[in-house]
Each structure stands twice: as structure tokens, then as C-alpha cells.
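Heads up, the thing below is written out as C-alpha cells.
Please treat every number below as a calculation from the coordinates, not as lab data. Every value quoted in this text rests on a predicted model; they were computed, and no experiment measured them. So basically every Cβ, Gly included, is an ideal-geometry build from the backbone, and we count neighbours across all protein chains shown.
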Amino acid sequence: MSGFGAGSIPGAGALAVDRWARMAWSRIVEPETVLVRDAIRDHGAVESMQRLLGGSLAPDGRYDQRITVLDIDQARRALDRLQVRVVVPGDDEWPLGFDQLDVPPICVYARGMCELSVTEGSVAIVGSRAATHYGLNVAADLGEGLAHRGVTVVSGAAFGIDAAAHRGALAGGGPTIAVLARGLDRAYPQAHEGLLREIADDGAVVSELPLGWAPYRQRFIARNRLIAAMSVGTVVVEAGLRSGSLNTAKEARKLVRHVAAVPGPVTSVQSAGCHKLLRETDATLVTDAAEVLDVMGRLSLDAVGLARAPVTPESDLDPVARGVWSAVPVRTPADLAKLQLLTALDSTTLLSVLGRLTSLGLVVRVGERWRKVPASRQ
């Protein structure tokens, strides 16, 4: 069966408008359909839909069943009722990163207080659903730290690392963006209904899939490319060797985005995927939000210096002075003869060094003896 004609679709008059033609397309084809990408690129969404309904675009009838149940008016009423908006290329809030994908979304659906333009400069945090306490704590700290610095956090609202990253971002003042692999009429996972409501209150919940569509494995894989495209880089906190978050990292690399990974215990299977990224790709090792922004933030403004041990008074001592300081006891003061025995220095040099250590507050003289000053009192 083919050649439906616009008149056979309720509300088909709206198909003359690009936004609603794209919405119709999203209800007919699966994400990443190359045939439709090429048709819309060459003819636009409206004319391509006319060709489909006329039977010339897909004459094999592969989409006939979905066209039969297409009801534009009903779909628009459902969007209004649930306060879901259709975002299309050319809208101010359309994430420009989508246009860099091999197969961009035809449109996306969004619900929430923030426009999707808040994803400019955002960072994606992804990882295992079966996360450890270590991974959950790191993800939450990263989300909160990035939010404190004004960076939007993007993730997939799944159990484990995703949810921890979203909650951390909310704790840090948000906003955060959740990208789902199902229609926005239902929370997924269902247990995160409250979390998704909080995310929408301060940020946005997004999906490429229309209302009523359920999550399938291939739809999760397609969703991952949106997470990668919306952000300047992806951080993988925990991931097994077959984790879907590695697919998000792969998509980020294809888009020439930054990829970073958090190391974990070498005995942890939940971190094996992160270690694989660090060993086999150009992923950067990161441990906190400052290091993430050092890689993915604004050039020079978000840079951090190399990690160094804390500077202490004794760290700047020359080798001779450090040797004397090491020999001075902490509890029972030692006299000059004892210290000469321990350091093999002549008395003039030793007294000079002890005087310097005393002026630095590292040792204290007790009569004719010396002892260290405890670190807590320096």
C-alpha cells in the first residue's frame, strides 16, 4: 500500500509547515534513517513528506503502517497538554552540535524551563548503571563542581552514574539536561520520575523520539550521539568493557570532541572501560571538575596548574639544612655533641644551620639543646 495523500491524515494541513512536517517524520521513521536525511537535505521536510505520501519516496511501503495511524492534530494536542515543545533546525535553541552528526535528528522534543541553548559549552557525564559508591560520589562531585562553575551538565538520566551527575548538578545550582531514549510522556526509568521533574524545573528533558515511543536498544545507541553532540566533551566516570557509555565516548571522538575518563581501582570491572579508554585512545585522565575544565573549558580562563604537593617550610631547605632538620629529635632535645654525631658537621656549620632552622620556626632551642617544632605548631 502506498500513495496515501495528505487528505487521509487527520490534521494534514499542518504538514505544509516545516516544524509539523518534521514532527510527522519523527513519528514515521526511526532515528538515523539515512534515506530521510538525504530527502530532507535535498528537498526539505515539507516536500519530502509530500513525496512520501505520494508513494514516490518509499515505494516499497515500509512506512505504510505508521502513516496509517498518523494523526497530526492528536499529536499536537498531546504536546500542548504535556507542555512539550518541538525544536527544529533554525530555532534559537537548536543545539548547533546536532548539525555535525552524520545523521542529525529530524527534530527533538523538549520539556523544561531552560532552552537547549544552555548546552553551549556543556559537559556530558556518563557511566555505568551498576555504579560503585566510589563512582557515584565522583559523578556527583563532578556534576556539582561543574554547575558551581556555570557549566551545564548533560547526561542520560539512567540509574547509576547518570543520575548521580544530574543530582550533583542540581545540588550545585544547575541547570542540567537529561536526554532520554523514549517519548517524554513517560519517565524512563520510571523510578526517576521525581528526578526528571526536578531536572525540568531547572533545566530540560529532551528526546529525539515522539510521545508514546518506547525505549529499545538501538534507540539508546542513537540517543548517545545526541549526548555527545550537545556538549564540548564527554567524561566517562565508570564503565565496563561493554558499557553503553563507551559508545557515547566513541561518538564524541567522531565529532572531534574532548573525551576524558576517571580512573578507578585496577581490580574494579566497573572501571575497566575507563582504563581501556585511557590506554587505547587519546582520552584524558581527570579526577575533579577543575581538571575537566582544564581540558574542556575556555582557553586559559579555566586552565589549572599541575598538581603539586603542599609547600611546607622544610620543603625549601637545602640538602645540608634538611639533613640537620631530619636529625633533630621531636620529643627529647639533643645537645650539640649529639647532633654533631648524627650529622657529621663541624660545630660552626651546625650552629649556623640550627640558627636558620630556629628562625624558620622549624626547631626550638631549649637551653643548650634543640628539638623539632611539631608540624601542627609551625
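Points worth noting:
- Note that the stretch 26-137, at 10 °C in a medium of 1.306 mPa s, gets a Stokes-Einstein diffusion coefficient of 94 µm²/s from its Kirkwood radius over C-alpha pairs.
- Peptides 27-36, 271-280, 80-89 ranked from most to least packed by the mean count of surrounding Cβ atoms within 10 Å: 271-280, 27-36, 80-89.
- Taken over the Cα atoms of the stretch 138-185, the convex hull encloses 60 Å³ per residue.
- Cα shape, the stretch 313-377, gyration tensor, a/c 1.5 rule: oblate
- Descending principal axes extents, the stretch 108-296, alpha-carbon based, whole Å: 41, 34, 31
- Classification of the stretch 50-111 by its C-alpha gyration tensor yields an oblate form. The axis ratio a/c (a ≥ b ≥ c) is 1.5 or more, and b/c is at least a/b.
- Point-to-point label distance, R62-E368, nm (Cα→Cβ direction, 7 Å offset): 10.0 nm
- Proportion of all alpha-carbon pairs of the chain beyond 30 Å (%): 52 percent
- Förster radius 25 Å - calculated FRET efficiency between V320 and L285 (Cβ-Cβ, nearest 0.05): 0.05
- In the stretch 136-232, inverting the average of 1/r over every pair of distinct C-alpha atoms gives 13.1 Å as the Kirkwood radius.
- Rg/Rh (Cα only; Kirkwood hydrodynamic radius) as it applies to the stretch 6-77: 0.92
- Over the chain, DSSP H runs of length four or greater, each weighted -39,500 (n - 2.57), average out per residue to a 222 nm ellipticity of -12500 deg cm²/dmol.
- Paramagnetic reach from R197 (point 7 Å along Cα→Cβ, amide N under 14 Å) across the stretch 172-188: 186-188
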